[in-house]
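Structure, as structure tokens:
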Amino acid sequence: MEKEQITATELAKINEIRNLFNPFIKDIKLNKFKIKHLPNHKSYSLFGIISDYLIRYLFLKKIKENYLVESDDFINKLTETTEEIIAYKSFNILINYSSYYDPDNIQEKEFSKFKERLNEEISNYLFKNEKDLFELFKTIYILSISDIIFRVGKKEYILNSLNNFLEFEEFLSNKNNKKYDNLFEDFKNIYENLNILLKNDLKIKNFKLNPSLGLTESNILIKADADLILEDTLVEIKTSKDPNVKNDYLEQLLIYVLLYFKKTGKIIKDFKIINPRATNLITFKISWDKDLYNNFKNTLNNFF
């Protein structure tokens, strides 16, 4: 029997799960973000993904600076990171791009170009420090439009990613498309904000960019990937225009914490929620609660 699939966000909306979390979060004071920049475009979902990739890139850049030499340990971590990021998983799907040709409009050359370009930009993202901000935007945009290929995997979304790539290539040729001008302007603004937020030195040796936390439990397949884990800190990126930090955020993060423990046996000690549009980040210290974990596991088994 095929297992039911559910995302961590959907899981957090189930009353039986939410009721478990209420006592845990009811006394937490929710601060507000100090919003500095508002978007001048309507590509909200896409820009959220762009922000995810940008902040991971900036963290990785800072982490690299703390490695005096590129040790075998660090290279191994980068190799592991390559396999974790969603863009790489999308690239692996594109390797079999022939199964996604539109029979009315064979797009073999376009798919091949997209695949090669995506592979190149993944390498740029992980191994190069881009000095030119537009070049960084170009790299991250290509990774971001590929993201949905792995997340959804349906033919129409794969073709949509290809069409977005071709449209972007056209823009790179003639630089005449206000949509991308506005996206790049927003990108520059949040790049500036994030560099201010992340100005403190990072003495990080253990990191996971875009770690997969999904697992199979009972009759359910839970699909989940966190934005970033640094040592024992879970980092979540939210690009909302709303300055409020909501209970929904905490419920989603608690699910990540519990899934991470179930998968690795490691404990997360705090959350950082970062809004690239804001000039402040919000941190929550959490205490590991074994009863909460056991109740969560039992609820999954009973519910599904």
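The values are calculated or read from the model by the stated rules, or taken from the named source; none is laboratory data. Everything numeric here is computed off the predicted structure, so don't read it as measured data. All Cβ positions, glycine included, derive from the backbone under ideal geometry; neighbour counts span all protein chains shown.
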TODO: Tell me which of these GLU185 doesn't satisfy, since it passes every other one: (1) touching a helix residue (DSSP H, G or I) at 6+ places or on another chain (Cβ under 8 Å); (2) at pLDDT 90 or above.
DONE: (1)
Open item on the list: Please count how many residues of region 284-304 are out of contact with any strand residue (DSSP E or B) (no Cβ under 9 Å at 6 or more places or on another chain) and in a helix (DSSP H, G or I).
Closed with: 10
Open item on the list: Out of everything in region 11-54 that is charged (D, E, K, R) and closer than 30 Å to TYR125 by Cα, what residue ends up being surrounded by the most Cβ atoms within 10 Å (Cβ to Cβ)?
Closed with: ASP52
- [ ] Hey, can you tell me all the residues within region 234-251 that are more than 16 Å from ASP52 (Cα to Cα) and of a type in the set (S, T, N, Q)?
- [x] ASN244, ASN247
Open item on the list: For region 113-170, which positions are in contact (Cβ under 8 Å) with a residue 24 or more places away in the chain and in a loop (DSSP other than H, G, I, E, B)?
Closed with: ASN129, GLY153
- [ ] Six or more apart or on different chains, Cβ under 8 Å: which pairs go from a residue in region 232-253 that's in contact (Cβ under 8 Å) with a residue 12 or more places away in the chain and basic (Lys, Arg) to one that's part of a strand (DSSP E or B) and surrounded by fewer than 20 Cβ atoms within 10 Å (Cβ to Cβ)? Could you list them?
- [x] LYS241/ILE35
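Condition check ((1) in contact with a Lys or Arg (Cβ under 6 Å, 6 or more places away or on another chain); (2) in a loop (DSSP other than H, G, I, E, B); (3) at positive phi) across all residues:
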| residue | (1), (2), (3) |
| --- | --- |
| GLU10 | no, no, no |
| ILE17 | no, no, no |
| LEU20 | no, no, no |
| PRO23 | no, no, no |
| ASP27 | no, yes, no |
| HIS37 | yes, yes, no |
| HIS41 | no, yes, no |
| PHE47 | no, no, no |
| ILE50 | no, no, no |
Task: Which listed residue is surrounded by fewer than 14 Cβ atoms within 10 Å (Cβ to Cβ), touching a Phe, Trp or Tyr at 6+ places or on another chain (Cβ under 7 Å), at pLDDT below 90 and not aliphatic (A, V, I, L, M), from GLU65, GLU108 - done: GLU108
Task: Index of the failed condition, ILE229 passing every other in (1) surrounded by 15 or more Cβ atoms within 10 Å (Cβ to Cβ); (2) part of a helix (DSSP H, G or I) - done: (2)
